[in-house]
Each structure stands twice: as structure tokens, then as C-alpha cells.
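Read through the structure below, which is laid out as C-alpha cells, and then see the notes.
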């Protein structure tokens, strides 16, 4: 039975060397009686794309690229990575190296689960999460820089010419200012590859300019992405002119058509919806705030990093650009509670857990304080009908308390490690109390439901 390889080739310009390397690998593989499938990431995006089955069945992976290639889909596979020129010069030697390469050490269980979910994500959810993942670094950098500027004093941060003002300006303009355009750009990128970035960013920028915020960017990103995707399919040029599509035709038509639709059709209604949402959220108090916190908290615990969890998380992070910080606080607190609660449960009633589960509890504690909800998955997988309702109750309590206390969080990640910074979170003591109460509730409920181990 012949060996199977998969490969990705890509050069910075995405024209000549990308395809030369692919051809060299295919020719060398045929001479060695090795089956190979090569994904080329050229100027018009990915062609001959590798599927999950292709990667699963492959004995090894070759990446011959001078441009960035996402390697997360190849986790656990023997992998050789070289520059594109090496594949052209010595494709046969490269294939030999790949076939003799050893599989890397397995990543931690949590990381495996996260990568598996990422690989399984398809359709609109995959596109939305791609946009959110590229947006988060801008959110984190902007939020923390603004918080640092406030450490010098709110008035100082607002006084032009001071160092605090400069930090505030950088955080607001270079961080938060790019959040919404980046969200639109990489939703479109996920749909249409590189040709979708410019139209998607234009859609996000135009949405942001009229106050349509992250909702406008989401709609504009999907519009731009599918527009460019189908334009790329419909427009056919001679081979010698194909290089004009990604640098001239697709950006021109994509930005122009998307921009016109945003300005004349979508911007006003999306801005009205966003304004209404902001007014409703900022006006929440009492029972309404508690109900929203309950819902967000339960969503964060329901699938521990899955689509429902990520939907709640995307809602919280998206609102940061509109200076609505309450839901983000509830989301992070509720996401920390499940692994922390299960750790506490193993301490309170060790006879209800195996030795392996008690050890997993220690790891869950570290993941929990770092806002990695997936730390609860090993417990939920072993006993879903008792664990999942328990952690949902605990997280719902935490989310409700966070909203009831009026806690606001300016950054979308980091767990307890960002909380000591001044002005990252309001009402820090009450926020920690909300997490503590939810943790205790989780532990008590799950231990009431669980029998002792034999």
C-alpha cells in the first residue's frame, strides 16, 4: 500500500513559485509511487484545498511556503516545513524527509479538543469565529492600554499632551478603532480567502463610521465575503490575465459594490438596531440585568467552548467596541466558574471521584483561573447528565451576580491575571465574589447529584 502525503505551497506573491513547487512535488511523488495532494495558496486564494479526510488519511505533511500557513489543522501529524524554493530544488529529498519524520508529542487534552472543534467548524459559525479570533488581539491590546492610562487618573488620561493621554489614544484608536473593520475583514477572508479582506474591511469601516458597530460589521463581512466568492467564480479571464483578479478586479468590484450596499441600504437600519441594543443594555437594571446574566452564564457552561459558548463570548466581545462592558464581565466570570467549581468539588468530596478525576481537578483549577472553560470537559464527558446541569446552574448564578453588581470588564480574556490591573474591571471585590459564589454552587450541586465511587 503506497504512502499518502498532503502538502501546502505558497509564496508571497502567490503566482509563479507556488505552482512550480506544487508541480515539483507531484512529479517527485509519482516517481516514488507516493500519493500526494497539494493545496496551492496562490494569488486567487486556496486551490485544490485539503479536506479533513485528506489530512486524516495522510502519513505526513509538507509545507513549502514563504507566506504564513495555518498549521493548526495538521496537529498530531508528522510535518516538514521548508521554504518554497527548497521544494522546487529538491522535491524528492523533501518527500523522503516527510516520510521519515516522526509524529510530534501529543498536545494536552484541552488543546486537542479546541483544535478538533476548530477543524469541525463549518458554515456561518466558522466564518464568524474567524472574524472574532482576528479581532480579539486588537480588543485585548486596546482595552489594556486604555486601562493602564486610567491608572494615572481618569482626568490625566483625558488631558491632551500627557503620557496617559497618549496611551489612551493608542488604545482607543489603534486597538478599539480597528476592532470592527478587522471583524468584517476576516469574516470575508474566511469565505473568500485573501481577495475578501479589502471589501470586508471596507464594510466594517463603513459600518463603524455610522455607529452600526459589530452587528454592521458581521452583516457587511458576510456580504463582502460571498460577493467576492461568487465574483471569483463567475469572472473568467485568460490564464495570462488571472493575476489581475486578486490585485485589481476583485478588490475594485468588491469594495465598490459592498460599499454602495452598505451606504445606501444597510448602514442606517443596522445603526438603528445597534443604537437600540446599546440603549437597552446600558439601561438594564434589577431583574432585567439578572436575567441577561443568567442566560449568558448558562450559555458559557452549556458546551464549554463549543458553538453556544462562543456565541455568548462573541456577543460580549463585540459590545466592547460600543463601550458596553457589562456583558463581557458576566461572560468571563461565567466561563471561569465550571472548571473552578469542579476542582472545588473534588476537594470537598474526594470519594465521589476517581484518582484520575482528582488529578484532572488540579489542572482544571489552573485552566479556570485563566478563563479556559474547556477544563471542565473531562468531567462532563465522563458524567454529562450530572455535570452539565450543575455547571450551568453555577455559571448562571455567577453571570447573574456579575450583572446585578454592575461589574464591567474592558478586556475579553486573561482570567484573574488581568484583574489586578487598575480599571480593567469595576467593582473588583464584588466580581470576585460572583465567581466564588458560582464556584461553590457548582461544587455543591454536582456533589449532591454524584454517588460515591466504589
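The values are calculated or read from the model by the stated rules, or taken from the named source; none is laboratory data. What you are looking at is a predicted structure, and each value in this text was computed from that prediction instead of being measured. Positions of Cβ are generated from backbone atoms using ideal geometry, with glycine treated the same way; all protein chains shown enter the neighbour counts.
Applying the selection to the stretch 400-445, what residues are in a loop (DSSP other than H, G, I, E, B) and touching a strand residue (DSSP E or B) at 6+ places or on another chain (Cβ under 9 Å)? Can you show your working first?
We begin by selecting, within the stretch 400-445, every residue in a loop (DSSP other than H, G, I, E, B); these are 405-408, 410-414, 418-424, 426-427.
Selection gives 407, 408, 410, 411, 418, 419, 424, 426.
Report, by residue number, each residue of the stretch 300-311 that is crowded, with 24+ Cβ neighbours inside 10 Å and at pLDDT 85 or above.
If we filter the stretch 300-311 for residues that are crowded, with 24+ Cβ neighbours inside 10 Å, which is where we start, we get 300-301, 304.
Of everything in the stretch 300-311, those that are crowded, with 24+ Cβ neighbours inside 10 Å and at pLDDT 85 or above turn out to be 300, 301.
Can you tell which of 143, 131 is assigned to a helix (DSSP H, G or I) and more than 15 Å from the chain's Cα centre (by Cα)? Working first, answer last.
Details: 131 fails: more than 15 Å from the chain's Cα centre (by Cα).
Answer to the check: 143.
Any idea which of 53, 90 is surrounded by fewer than 16 Cβ atoms within 10 Å (Cβ to Cβ), out of contact with any strand residue (DSSP E or B) (no Cβ under 8 Å at 6 or more places or on another chain) and closer than 15 Å to residue 32 by Cβ? Walk me through it before giving the result.
Working: 53 fails: closer than 15 Å to residue 32 by Cβ.
Of 53, 90, the one residue that is surrounded by fewer than 16 Cβ atoms within 10 Å (Cβ to Cβ), out of contact with any strand residue (DSSP E or B) (no Cβ under 8 Å at 6 or more places or on another chain) and closer than 15 Å to residue 32 by Cβ is 90.
Looking only at the stretch 57-71, filter to residues that are surrounded by 12 or more Cβ atoms within 10 Å (Cβ to Cβ) and not in a strand (DSSP E or B); which one of those is farthest from the chain's Cα centre (by Cα)?
Within the stretch 57-71, the subset surrounded by 12 or more Cβ atoms within 10 Å (Cβ to Cβ) is 57-67, 69, 71.
Those still in the list that are not in a strand (DSSP E or B) too: 57-59, 66-67, 69, 71.
On the way: 57: 27, 58: 27, 59: 29, 66: 24, 67: 21, 69: 17, 71: 15 Å.
Only one residue tops the list, namely 59.
Give 318, 375, 335, 406 a once-over and let me know the one that is in contact with a helix residue (DSSP H, G or I) (Cβ under 6 Å, 6 or more places away or on another chain) and at pLDDT 85 or above. If you could, list the steps in order and put the result at the bottom.
Details: 318 fails: at pLDDT 85 or above; 375 fails: at pLDDT 85 or above; 406 fails: in contact with a helix residue (DSSP H, G or I) (Cβ under 6 Å, 6 or more places away or on another chain).
Only one candidate qualifies: 335.
Can you find even one residue in the stretch 19-42 that is assigned to a loop (DSSP other than H, G, I, E, B), modelled with pLDDT of 75 or more and surrounded by 15 or more Cβ atoms within 10 Å (Cβ to Cβ)?
Going through the stretch 19-42, the residues assigned to a loop (DSSP other than H, G, I, E, B) turn out to be 32-34.
With the extra rule that they be modelled with pLDDT of 75 or more, the set shrinks to 32-34.
Filter once more, so that each one left must be surrounded by 15 or more Cβ atoms within 10 Å (Cβ to Cβ): 32, 34.
Scanning the stretch 19-42 turns up at least one residue that is assigned to a loop (DSSP other than H, G, I, E, B), modelled with pLDDT of 75 or more and surrounded by 15 or more Cβ atoms within 10 Å (Cβ to Cβ).
Based on this model, can you work out whether residue 214 counts as within 21 Å of residue 125 (Cβ to Cβ) and either at pLDDT below 90 or assigned by TED's automatic domain parsing to the domain that holds residue 70 (or both)?
yes
Criterion first (buried (at least 24 other Cβ atoms within 10 Å of the Cβ), touching a helix residue (DSSP H, G or I) at 6+ places or on another chain (Cβ under 6 Å) and either modelled with pLDDT of 95 or more or part of a helix (DSSP H, G or I) (or both)) does residue 380 satisfy it? Even if it seems obvious, please write down each step before you answer.
Numbers: buried (at least 24 other Cβ atoms within 10 Å of the Cβ): no; touching a helix residue (DSSP H, G or I) at 6+ places or on another chain (Cβ under 6 Å): yes; either modelled with pLDDT of 95 or more or part of a helix (DSSP H, G or I) (or both): yes.
Considered against the rule, which asks whether it is buried (at least 24 other Cβ atoms within 10 Å of the Cβ), touching a helix residue (DSSP H, G or I) at 6+ places or on another chain (Cβ under 6 Å) and either modelled with pLDDT of 95 or more or part of a helix (DSSP H, G or I) (or both), residue 380 comes out as no.
Tell me the residue from 204, 196, 184, 220 that is under 30 Å from residue 42 (Cβ atoms), part of a helix (DSSP H, G or I), in contact with a strand residue (DSSP E or B) (Cβ under 9 Å, 6 or more places away or on another chain) and free of Cβ contacts under 8 Å to residues at least 60 places away in the same chain, please. Talk me through it step by step, then tell me what you get.
On the way: 204 fails: in contact with a strand residue (DSSP E or B) (Cβ under 9 Å, 6 or more places away or on another chain); 184 fails: in contact with a strand residue (DSSP E or B) (Cβ under 9 Å, 6 or more places away or on another chain); 220 fails: in contact with a strand residue (DSSP E or B) (Cβ under 9 Å, 6 or more places away or on another chain).
196 is the lone residue from the list that is under 30 Å from residue 42 (Cβ atoms), part of a helix (DSSP H, G or I), in contact with a strand residue (DSSP E or B) (Cβ under 9 Å, 6 or more places away or on another chain) and free of Cβ contacts under 8 Å to residues at least 60 places away in the same chain.
For the stretch 156-167, check the following and say yes or no: at least one residue is closer than 22 Å to residue 409 by Cα and not in a helix (DSSP H, G or I). Lay out the reasoning, then the answer.
In the first step, residues of the stretch 156-167 are kept if they are closer than 22 Å to residue 409 by Cα; the result is 156-158, 164-167.
Next, only the ones that are not in a helix (DSSP H, G or I) stay: 158.
For the stretch 156-167, residues closer than 22 Å to residue 409 by Cα and not in a helix (DSSP H, G or I): present.
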